[in-house]
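Working notes, beginning with the structure itself.
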Amino acid sequence: MNKKVVIALGMFCGLLGTQLLAANVLSNPGFESDAPGQHQNLVGWTWYGQPWGNTFNETGADARSGNNFFKVFQGFTGSVNYNGVYQDYISGPGATYTADGWAKMLSTDALAGQNVAWLEVSFRDANAATLALYRSSVITTNGFPKNTWINLPVTNQYNPNTFVITNTANLLVAPAGTYFVRYQVMLQGDAAGSNGSVYFDDLNLNLTSTAPYGDWNIVWSDEFNGSAIDASTWTYDLGNGGSNPGWGNSELEFYTARTNNVSVAGGLLHIVARKESTNGLSYTSARMKTQGLRAWKYGRFEWRARCPAGTGFWPALWLLGTNINTVSWPGCGEIDVMETSGASLTNVQGSLHSGGTNGDPTAIFTLPDGGSMTNFHNYVLDWSTNAFLFYVDGHLYQSQTSWTSSVGTYPTPFDKPEFIILNLAVGGNYVGNPSLATINANGGFPGEMQVDYVRVLSQTAPLKISLTRTNNALLVSWPSNVVGHLQSQLNAGLGTNWSDLTQSTNPASISPTNSSGFFRVKSP
């Protein structure tokens, strides 16, 4: 080897992640998505405290920017109480953030007694247990300027068990076990019922990591970049349910595997529902699945998809237990990551079905700021040993940690492998059983669900690539269970002119022709 050809390990970088690096991951950080006036309709935020309400959207000249701001005061419960708002955002071990926000206290309504307020960022596991805790300085009765907006950086690290400050840090780092990060506005009210309120505006939780999921890495994916559906991964349900017409849901379509109904083109999977008569039914569509080919137990599952508008359309991204042929539904367990109605395009629903006595856990997420299911959104499910977390565009809107089953004790049935299903139904119970006439008049055929990718991630060791010499070649390798491909450039390690290398193996053999080079693994 030419002695001038030297590539140090420190010049290698492994970049992995499924989302673009974002500035502020908070939704509605300045409360401008809220309607004007005083109310508790805080778009994107979850408020907590007394049920009669002590957290409000406010409109007026006191806003730091725009028209709206947030007001919080204590609960007057006769005991120490906590009130405010929070947002949860998807994360992972090693992801890094900065956080701050602006606060204002009027001299005419200053906090009194032992009332205090602060901003807080915490990293949580799948069961929402706090793994790491950071807070801003505390707003107190006497130690805070009045009638002016003050910036509060979140830099004080606390022991989450003792609530004692242990360190100060400008960079907030997600520890091992992290599933999501919580940004929270906190007001602690004293037992004496003391008065006073605090305003908050322009809140920030800034993602600074190039890998927003941290150590969650892609271990399988279908990017739909080819010209045909991968037969080693996908098969189909055909017809209308056979002996169970309508698939048990009174659906009106006949599923096919024709390219008219399901195809890959332009980097997308296209599932198309058409108004055409066949086998005694009025519509055709497709339902594809990994049953018998691929299945998973636990992990992070991610789809990027868009859905059609029109009465009767029922798109879904979901999982079903591999033992369905032996224990049948719902005992096999069903996980609905995304389903919606083409007539209600602002809502996303996620559910568990297991036939238990306590019903089926479910929740609905409303897309903020007039968002529509006809646009592309990211739908993510975290499935751990005893918890499910549902996200839309990174925002956690539902956590389920308990369920019952018709075939066994907890955590049955969600302790066994499940396969993925993608389908676009027409009609059925979920969409209110509209008539054929109503669907034909308002369906907007053909209707199409497009899927950009399906990915399965696992928490792995931090992604690193390593270098070894073999004669006149260099062997570049990375963790074998991580989906990725090697890229290189010769100018600088942080440039944008990365090129894919033709080597598809891991390790990849490189024969350098320049005196220096930079390599990285990109996933997928």
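Quick look at the values:
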read-out: Unmet requirement for residue 324, which otherwise passes all of (1) closer than 24 Å to residue 388 by Cβ; (2) free of Cβ contacts under 8 Å to residues at least 40 places away in the same chain; (3) in contact with a helix residue (DSSP H, G or I) (Cβ under 9 Å, 6 or more places away or on another chain); value: (3)
read-out: Condition check for residue 419: in contact (Cβ under 8 Å) with a residue 60 or more places away in the chain, under 30 Å from residue 292 (Cβ atoms), part of a strand (DSSP E or B) and more than 19 Å from the chain's Cα centre (by Cα); value: yes
read-out: So residue 331, is it buried (at least 19 other Cβ atoms within 10 Å of the Cβ), assigned to a loop (DSSP other than H, G, I, E, B) and in the same structural domain as residue 453 (by TED's automatic domain parsing); value: yes
read-out: Any hit, the range 2-20, residues being surrounded by fewer than 16 Cβ atoms within 10 Å (Cβ to Cβ), polar (S, T, N, Q) and at pLDDT below 90; value: yes
read-out: Subset tally (residues that are in a strand (DSSP E or B) and in contact with a Gly (Cβ under 6 Å, 6 or more places away or on another chain)) for the range 426-456; value: 3
read-out: Condition met for residue 43 (modelled with pLDDT of 85 or more, among the β-branched types (Val, Ile, Thr), surrounded by 14 or more Cβ atoms within 10 Å (Cβ to Cβ) and out of contact with any Lys or Arg (no Cβ under 7 Å at 6 or more places or on another chain)); value: yes
read-out: Strands (runs of 3 or more DSSP E) within the range 34-114 that include 1 or more residues of a type in the set (Gly, Ala, Ser), closer than 30 Å to residue 126 by Cα and under 26 Å from the mean Cα position of the chain (by Cα); value: 81-90, 96-104
read-out: Residue 382 being surrounded by 16 or more Cβ atoms within 10 Å (Cβ to Cβ) and either modelled with pLDDT of 95 or more or in a loop (DSSP other than H, G, I, E, B) (or both); value: yes
read-out: Selected residue (only one of 510, 439, 420 is over 30 Å from residue 178 (Cα atoms) and at pLDDT 90 or above); value: 439
read-out: Scan of the range 183-210 for residues that are crowded, with 24+ Cβ neighbours inside 10 Å and either in the same structural domain as residue 285 (by TED's automatic domain parsing) or not β-branched (Val, Ile, Thr) (or both), ordered by number; value: 183, 187, 189, 200, 203, 205
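The values are calculated or read from the model by the stated rules, or taken from the named source; none is laboratory data. The structure displayed is predicted, hence computed values, not measured ones. A quick note on method: Cβ atoms are made from the backbone with ideal geometry, for glycine too, and the neighbour counts reach across all protein chains shown.
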